1. Net charge within 10 Å of residue B:88 by Cβ-Cβ distance, Lys/Arg positive one each and Asp/Glu negative one each, not counting residue B:88 itself?
2. Within chain B, what's the longest run with no GluC sites (Glu not before Pro) in a DSSP loop and at most 12 other beta-carbon atoms within 10 Å? Give the range, please.
3. What chymotrypsin sites (Phe, Trp or Tyr not before Pro) does segment B:61-128 have in DSSP loop regions with at most 13 other beta carbons within 10 Å?
4. Where nothing but the Cβ of Lys and Arg (+1) and of Asp and Glu (-1) is charged, how large is the charge dipole of segment B:3-166 around its Cα centre, in debye to the nearest 20?
5. Determine the sum of side-chain charges near residue B:163: Lys and Arg each +1, Asp and Glu each -1, restricted to other residues whose C-beta is under 15 angstrom from that of residue B:163.
6. Need one number for segment A:50-100: average projected area of the convex hull over its C-alpha atoms, nm².
7. Have a look at A:214, A:349, A:377 and report the one farthest towards the positive end of the charge dipole of chain A, computed about the Cα centre with Cβ charges (Lys/Arg +1, Asp/Glu -1).
8. List the Cys residues of chain A that have no partner Cys with a C-beta closer than 4.7 Å.
Amino acid sequence: MYLYNEREQQLIEQRVEQYRDQTRRYLAGEIPDEEFRILRLQNGLYIQRQAPMLRIAINYGLLSSRQMRALAQVSRDYDKNYAHFTTRQNVQLNWPELEKVPDILADLAKVQMHAIQTSGSCIRSVTSDHFAGIVAGEVEDPRPWSEIIRQWAALHPEFAYLPRKFKIAVSAAEEDRAATQVHDIGVHIVRNDQGEVGFEVLVGGGLGRTPVIGKQIRPFLEQQELLSYLEAILRVYNLHGRRDNKYKSRIKITVNAMGIDKFRELVEAEFERTRGGELRLPEAEIERVKAFFKAPDYEQFDGDDASYLSELEQDKDFAIWVERNSFAHKVPGYRAVTLALKALLKAPGDITDVQMDAVADLADKYSFGEVRSTHEQNLVLAHVKQSDLYSLWKALSELELARPVVGTLNDMICCPGLDFCSLANAETLGVAEQIQNRFDDLDYLYDLGEMKLKMSGCINACAHHHVGHIGILGVDKNGESYYQFTLGGSAAEDASLGKVLGKSIPKEQVAEMLEKILSVFVEQREEGERFIDTVRRVGNVPFKERVYATNH
Amino acid sequence: MPLIIDQQPVQQDSWTYLASEEGVAPDLSSVADSSDLLVDWSCFQQCKEQLLGRSGGLGVRIDGFANLDELSCDLDQLSLVAIEFPSFADGRGFSQARLLRDSLGFAGQIRAVGDVTWDRLRFMHRCGFDAMEVSEDRYSEDMLKAFGEIEVRLQGAADDPRPIYRQ
Ligand code: SF4
């Protein structure tokens, strides 16, 4: 895990004091509202429906157990004893006081955490694959590169006032768990025909009001020039992105309006000018950063652990959990475990202070003191010995973090919606609850196979509903929450945008609607087919006919 | 208007600004031939010859839409480029200043005008602005602290091109 040196630590501490002074001047009436809004957003603070919300950065989803304990502590000291993990691997406090935020940040800075650029029109925290470093077949660990990008982006003097927010994701595996095709920039670590490792760069992906899949701007970029190239893209966007209309200000609109070829031309011209300059990454710097992400000291095992195999035999529940909530590790004798933050009747991604402390202890005991957060709003202990899985499962079950629902309908991604978000048009948490209640038969969920359900409370699409196999978008109809369905989206390597099924429906009908959709799937499905593949094969029509059929 | 140059307040501003009105160039003779004159982009284009023939210093004021390439061939005749910040949210000027310094090698004064307040001074300085014009009601001596609030520079910029790994 990356550790800040003295100067990097000084930077985050001085950033806290800078923000403390901004808060002081704002409260003294020296900074107008509109200006402070921008300043606080750059430091992760939203003003929500009921209270401020502070978004804390977890860069590319990597946390130490010490940091996890610090999060538990601030949630106790300053909030209501829980925190919320987001779809961009960050974590939010829903009830901090504006006046106390500098103190929260000062506490977090002691464990090298901060809220730099977790919101606002700037380069946001970088996200990556939550299984980075442990998947077989990965070209290279994407985390050192994510860290290199993070450092370049943090308090970049030129790009703090962009036309709009700017999100970068990095991935290096065949399976894309970082949704790189729906980011402003997607960086794929690839190997070219000469065997050199470099980057394929995508630009202009994004969701929201106008969902777009990213376009390739460069098929192969030499490693050392990563930052020169990113800076060229950002400079072109900063100068040419629209600022007159909030809904047309993302880079996807700039790219579409100009055309990718023209956009590329501008970027390449700027890149030609700056490449080979000071931004070029020296080999030593790349190696320095990589050294922080060395593999932990794994034990050596020949094949599977005998006790683990017999536990699998004997305890069906354990076997189901292993199948659902754990993932193959490239090192023999280890598995990665997903902690499902999808408890019944709780907002997806929510976790209590007690759970956070316990997870930190489990990480120390079983996973080299490391915790990861995922795009799907879960946590991961990435390096668990097979022989430890059974005791870990027991411990997680007691903590209610072992619901074997990963990858099923009940592993839904869901934004906070009307309960917490001031931009929301509709409620989401109550609907999530309705769905979880209706689909509580796990065997049925397993039979349905891989299913990505994503629900957003407004067109801003924070839960990425366009790229859910099933997407649900909350809309407002005369003050009532209504829900529009899309089918066939994907954020993975086969990325696609879902298509709208038909007119929106009132809240009480959501679970029923889902049931109908799933019944069509079960009828139409070919042996072992995933839901998304069935939708791609048969289209929306059979679903539409069933769900909107009038009762005679 | 209060003016900061090289991170210090200055009392005297040698420059006079003449603005076009609805595209009509101002009367240049209202300013002495030997004094420093700042004009907007449209005036500069219309009266270039006359302006270049003056003996005083010449500056051009541009907004976020300006195409710097069009300015580049006359750059060595200019001692000042003023870049306008229309609002606190608008950050085009940061890139324009960097292009002026790093790409076009402009060595004269780059002055931030318009929405210029405490919390952007440091980034302006880093991007190549050496002068900042602050409105009276937003100016205070205290704001000069802005330059020293954060002493660590992760990225290279116009003030120091070296990213932290080359420092
Ligand atoms: S999608 Fe809308 S309602 Fe949900 S968190 Fe984002 S802005 Fe708020």
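FYI, it's all coordinate maths here, none of it is from the lab. These numbers come from a predicted model, not from an experiment. Here the Cβ is made from the backbone with ideal geometry for all residues, glycine too, and neighbour counts use every protein chain on show.
1. Values: positive: A:37, B:120; negative: A:34, A:35, B:90, B:115, B:119.
Around residue B:88, the surrounding residues sum to -3.
2. Working: sites that count: B:22, B:151.
For GluC sites (Glu not before Pro) (loop position, at most 12 other Cβ atoms within 10 Å), the longest site-free span of chain B is B:23-150.
3. Details: sites: B:65, B:88, B:94, B:106, B:118, B:123; in loops: B:65, B:88, B:106.
Passing sites in segment B:61-128 are B:65.
4. Working: 15 positive and 29 negative charges, 145 e Å.
With only Lys, Arg, Asp and Glu charged at Cβ, the dipole is about 700 debye.
5. Numbers: positive: A:7, A:150, A:275, A:280, A:288, B:98, B:126, B:153, B:162, B:166; negative: A:8, A:147, A:158, A:225, A:231, A:278, A:283, A:285, B:102, B:159, B:160.
Net local charge, residue B:163 excluded: -1.
6. On the way: hull surface 14.3 nm².
Projected over every direction and averaged, the Cα hull of segment A:50-100 covers 3.6 nm².
7. So the residue we want is A:214.
8. Cysteines lacking a close Cβ partner in chain A: A:122, A:414, A:421, A:458.
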